[in-house]
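Student: Sharing a structure, written as structure tokens. Questions coming.
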Amino acid sequence: MESKTVVISLGGSIIVPEEVDIHFLKVFKQIIQSLRDEQFIIICGGGKICRNYQNAARETAEVSKEDLDWIGIGATRLNAELVRSTFGKDASGKVIHDPDEEIDASKRIIIGAGFEPGSSTDLRAVQLAKRFGAVRVINMSNIDYVYSADPKKDPDAKRLTSISWPEFRKLVGDEWDPGLNMPFDPIASKKAEQLGLEVIIIGNDIDNLEKLLRGEDFKGTTIS
């Protein structure tokens, strides 16, 4: 039987594009709360806060990749505490960092954040999908589709609605770099392929998320 657990990797740049997006948080909360039959695991990214702090660190010192990652992890945890607080008593009592730690699964909404250097929160989403038996991860960020090439560099880049893991991994490579802005983290992609997970890239449109969650036609790319 298919798991009723829905895993969402929620980009920090959606939570805080410039200022905290209160309208997004309110609508996101309404949608998640309206779907009473599913359990939701929502892993929050660092987004712009993360990149601003990482850039400041780079300008003030020679900073190691590990230190840049710890700055990013701090940003993900701040965003996750905000999202957890918006759900109140419906959410687990604390933000999950370690994907193997004890988790209060009695709550319908579990919020997670970054754990350790070397990857993004996409990897936490993949690890928790495996742990809870989910078959896919929904990736919500400021990237709406996977393209055949980087659309900023190649005007002929084509928008893709589906792509295989081997093809996708050729596009993103195998290297993780703090602050990397890709449809899905290369380290998480490798793990998702190994586990046979499906990842759906849907951009930042909240109505699009609701369509996907309700099994309707949506805009985005399915990686499988």
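Student: Are there strands (runs of 3 or more DSSP E) fully within the range 112-224 with at least 3 residues that are in contact (Cβ under 8 Å) with a residue 12 or more places away in the chain and over 13 Å from the mean Cα position of the chain (by Cα)? List them.
Tutor: Fully inside the range 112-224 and qualifying: 221-223.
Student: From the list I41, I73, pick out the single residue that is of a type in the set (A, V, I, L, M) and either modelled with pLDDT under 95 or in a helix (DSSP H, G or I) (or both).
Tutor: I73 is the lone residue from the list that is of a type in the set (A, V, I, L, M) and either modelled with pLDDT under 95 or in a helix (DSSP H, G or I) (or both).
Student: Something else now. Mind checking whether some residue in the range 87-103 is in a helix (DSSP H, G or I) and surrounded by 16 or more Cβ atoms within 10 Å (Cβ to Cβ)?
Tutor: Taking every residue of the range 87-103 in turn, at least one turns out to be in a helix (DSSP H, G or I) and surrounded by 16 or more Cβ atoms within 10 Å (Cβ to Cβ).
Student: If only one of D177, D217, D185, D207 is of a type in the set (D, E), closer than 30 Å to S64 by Cβ and surrounded by fewer than 22 Cβ atoms within 10 Å (Cβ to Cβ), which one is it?
Tutor: Result of the check over D177, D217, D185, D207: D177.
Student: Tell me yes or no: at least one residue of the range 160-173 is under 26 Å from N55 (Cβ atoms), buried (at least 19 other Cβ atoms within 10 Å of the Cβ) and not aliphatic (A, V, I, L, M).
Tutor: No, because not a single residue in the range 160-173 is under 26 Å from N55 (Cβ atoms), buried (at least 19 other Cβ atoms within 10 Å of the Cβ) and not aliphatic (A, V, I, L, M).
Student: Is it true that some residue in the range 151-166 is modelled with pLDDT of 90 or more, touching a helix residue (DSSP H, G or I) at 6+ places or on another chain (Cβ under 9 Å), under 26 Å from D69 (Cα atoms) and among the β-branched types (V, I, T)?
Tutor: No: the range 151-166 contains no residue that is modelled with pLDDT of 90 or more, touching a helix residue (DSSP H, G or I) at 6+ places or on another chain (Cβ under 9 Å), under 26 Å from D69 (Cα atoms) and among the β-branched types (V, I, T).
Student: Return the pairs, sorted by first residue and then second, in which the second residue is β-branched (V, I, T) and surrounded by 12 or more Cβ atoms within 10 Å (Cβ to Cβ), the first residue lies in the range 52-69 and is in contact (Cβ under 8 Å) with a residue 40 or more places away in the chain, the beta carbons are less than 9 Å apart, and the residues are 6+ apart or on different chains.
Tutor: Every condition considered, the pairs that remain are Q54/V63; Q54/I71.
Student: Is it the case, given these coordinates, that K48 is modelled with pLDDT under 95, over 19 Å from A134 (Cβ atoms), under 17 Å from the mean Cα position of the chain (by Cα) and not hydroxyl-bearing (S, T, Y)?
Tutor: yes
The values are calculated or read from the model by the stated rules, or taken from the named source; none is laboratory data. On a predicted model such as this, the values are computed, not experimentally measured, just so you know. Using ideal geometry, Cβ is built from the backbone for each residue, glycine included, and neighbour counts are taken over all protein chains shown.
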